[in-house]
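Take a look at the structure set out below.
Any read-out appearing in this document is the output of simple, stated calculations on the displayed coordinates, not a laboratory observation. The shown structure was predicted, so the numbers you read here are calculated from the model rather than taken from an experiment. Cβ placement follows ideal geometry from the backbone for every residue including glycine, while neighbour counts extend to all protein chains displayed.
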Amino acid sequence: MNVRKSVYTEREQVQVPRRREEVDVERVPVKGEAREAPGAEIGEGEEIVVQVFEEEIVVSKRVVLKEEIRLKKRVVEEVEVVEVDLRKEEVEIDDRTEYGDRRQGPLAPERR
C-alpha cells in the first residue's frame with residue numbers, strides 16, 4: 001500500500017475585518033474660573049474635556065480658563081480585501097494489497 005500526502009498553496013482573496021479609532025476635536029471658548037475636568041480615560045461614545053489656560057491681567061495676574069478642547073472617541077469598523085496564501089493537504093491511497101478495497105474511513109469507497 002502506498003500513501004502519498006501532497007501540500008499545495010493557493011492564492012485567495014479573503015475579507016478581513018479591520019478596526020480603528022478616530023477622535024473628533026471641538027474647541028469651545030469659555031469665560032470664567034477654572035473647573036475640574038473628568039479623568040483622561042475615554043470610553044466609546046464618551047468625551048473628555050481638556051482645559052487650556054492663559055494669563056489675564058486683572059489688577060493682579062491670575063490664571064483663567066481660556067477654552068476647553070473636547071475629544072470624542074468612536075470606533076470605525078470596515079472590511080478590507082486582502083490576498084493570502086492558504087495551504088491545503090490531500091491524501092492519495094493506492095492499495096495494491098491482497099485485501100484491495102477494504103479501506104476504512106472517509107476515503108473508503110462505498111460498497112453496494
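Of note:
- Here's how it looks for residue 64: its modeled amide H is under 5 Å from those of 54, 56, which are all 5 or more places away or on a different chain.
- The length gained by stretching the chain between residue 15 and residue 51 to full extension, at 0.36 nm per residue less their Cα-Cα distance, is 8.7 nm.
- Taking 7 Å steps out from each Cα toward its Cβ at residue 7 and residue 93 produces label points 2.2 nm apart.
- Between the amide H of residue 30 and those of 67, 68, distances stay under 5 Å, these residues lying 5 or more places away or on another chain, with hydrogens modeled in the peptide plane.
- Stretch gain in nm, segment residue 66-residue 86, where the contour uses 0.36 nm per residue and the Cα spacing is subtracted: 1.4 nm
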